[in-house]
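Below is one structure, written out as structure tokens; the observations come after it.
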Amino acid sequence: MFVNDHIARMPAGYLFSEIAKRVKAYEAAHPTQKVIRMGIGDVTKPLAPAVAQAFAEAALGMGQLEGFRGYGPDGGYPFLLNEIIKNDYERYGVNLDLDEVFLSDGAKTDTATIQELYAEDAIIAVTDPVYPVYVDSNAMAGRLGEFVDSKWTKLITLPVTHENGFVPQLPKERVDVLYLCLPNNPTGTVLTRDQLKVIVDWAREKETLIIYDAAYKAFINDDSLPRSIYEVEGAKEVAVECCSFSKTAGFTGVRCAWTVIPKQVKGRLKNGEQVSINTLWKRRCGSKFNGVSFPVQKAAAAIYSPEGQRQTHETLDYYKQNAALVLNALKETDLRPVGGLHAPYVWLKTPKGMSGWDFFDYLLNTAQVVGTPGEGFGQGGNNCFRLTAFSTLDNTKEAMARLLDALKTL
Ligand code: PLP
């Protein structure tokens, strides 16, 4: 049998394995040194007790006749969809129907598989640096051409840099799909409502579909910033929004997320006829997905209970405190830190124009602090570095003190 050439020719995805390899080698050579990990994008605190309780009760119920559930609705049980619609959208003035929200096991899954709806030759644009899933999933489907000199020949990249204030300049050429991630991974930056409106208006004019990844929206601390793209007028015509309980409520190991596809969002067939993206996704999910497990949906619904909200926000506040601490510690340096205010990530310029990997090695060897080299997020990440807020408060404080010391001897 012939294999998928596009997957076989992908550049190796070596970022986190390479980091793990270098840290392991350092620890083996220096067994008494305490290494502090500030590179991971995974949560570290346990589920809220109210959530764990609901999860356990539903799981035990599956062993009883009354509590047992078989296949559920593909898109999710109404008890959870209604909570999402009420708390995540109606509260911000956005109305949605039940069949415009689709549950899944992850925003990674949805942002990676939504490309099954695009034409084979659809033109893709991403901001740069970028969460690599958007690029890889389209590369695997053969849409991005060849990988030459660390670039895909057919991918349109919109730089988001310290120089342009992390606001992408919109392309002149035709684009079928633009991926946006806000608050952003890796830069931790956000766009204002007005800045987002410019992109939505452009997408309406050009008939471009926006895939809006809002996996970090729970970190937004300012009510004037949009938590959903649908808070921007006209977005319901052009945007699909992917959200997740992973970072909001510690579900990285539990797995539950959702995607919103308003019925107004349309694409075109090659003959010019308009079709509803919602209808296509429903059709696709009906053939490929049997829903999220019942106990997981019960656990997710418990996030919205008063206890669940209180406990979940306590954990979020803890991470937010860490993020603020990282940002403040670096403010006086020449590393030009951004993010951290509305995201669990702080993004830096490396000192003295070092590559991200050189700065990684320097910090590991001098301060025993681990971050993520910007190069792992595309060319736009060159000479940049990401620190995350998911460590403990004490370790975050210690890591920042060590990092500041290490900068003195550079
Ligand atoms: N989207 C972004 C931008 C992410 O950074 C991540 C995880 O790090 C995800 C999606 C994955 O979310 P999930 O755990 O729901 O698959």
Tally, over the stretch 229-251, of residues that are away from the ligand (no atom under 15 Å from the Cβ) and under 17 Å from the mean Cα position of the chain (by Cα): 1
Members of the stretch 257-275 found to be within 11 Å of the ligand (Cβ to nearest atom) and of a type outside the set (Gly, Ala, Ser), listed by number: 258, 259
Sole residue being farther than 16 Å from residue 251 by Cβ and not assigned by TED's automatic domain parsing to the domain that holds residue 373, chosen from 76, 72: 72
Cross-chain or 6+ apart pairs with Cβ under 7 Å, the stretch 237-251 first and under 16 Å from residue 81 (Cα atoms), then away from the ligand (no atom under 12 Å from the Cβ) and hydrophobic (A, V, I, L, M, F, W, C): 241/229; 241/260; 245/303
Number of positions in the stretch 301-350 that are among the polar types (S, T, N, Q) and farther than 20 Å from residue 48 by Cα: 3
Of all residues making up the stretch 130-153, the number that are surrounded by fewer than 15 Cβ atoms within 10 Å (Cβ to Cβ), within 17 Å of residue 120 (Cβ to Cβ) and not polar (S, T, N, Q): 2
Only one of 325, 316 that is more than 16 Å from the ligand (Cβ to nearest atom) and either more than 18 Å from the chain's Cα centre (by Cα) or modelled with pLDDT of 95 or more (or both): 325
Flag if residue 254 is surrounded by 14 or more Cβ atoms within 10 Å (Cβ to Cβ), more than 16 Å from the ligand (Cβ to nearest atom), modelled with pLDDT of 95 or more and within 30 Å of residue 186 (Cβ to Cβ): no
Complete set of residues in the stretch 218-251 that are more than 15 Å from residue 191 (Cα to Cα) and of a type in the set (Lys, Arg): 236, 247
Residue among 213, 223 that alone is out of contact with any Pro (no Cβ under 8 Å at 6 or more places or on another chain) and more than 11 Å from the ligand (Cβ to nearest atom): 223
Enumeration of residues in the stretch 249-261 that are part of a loop (DSSP other than H, G, I, E, B) and either touching a Cys at 6+ places or on another chain (Cβ under 8 Å) or under 20 Å from residue 119 (Cα atoms) (or both): 261
Residue ranges of helices (runs of 4 or more DSSP H) in the stretch 274-348 with at least 2 members acidic (Asp, Glu): 306-330
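The values are calculated or read from the model by the stated rules, or taken from the named source; none is laboratory data. Since this is a predicted model, take the numbers as computed values, not measurements. We place every Cβ from the backbone using ideal geometry, glycine too, and count neighbours over all the protein chains shown.
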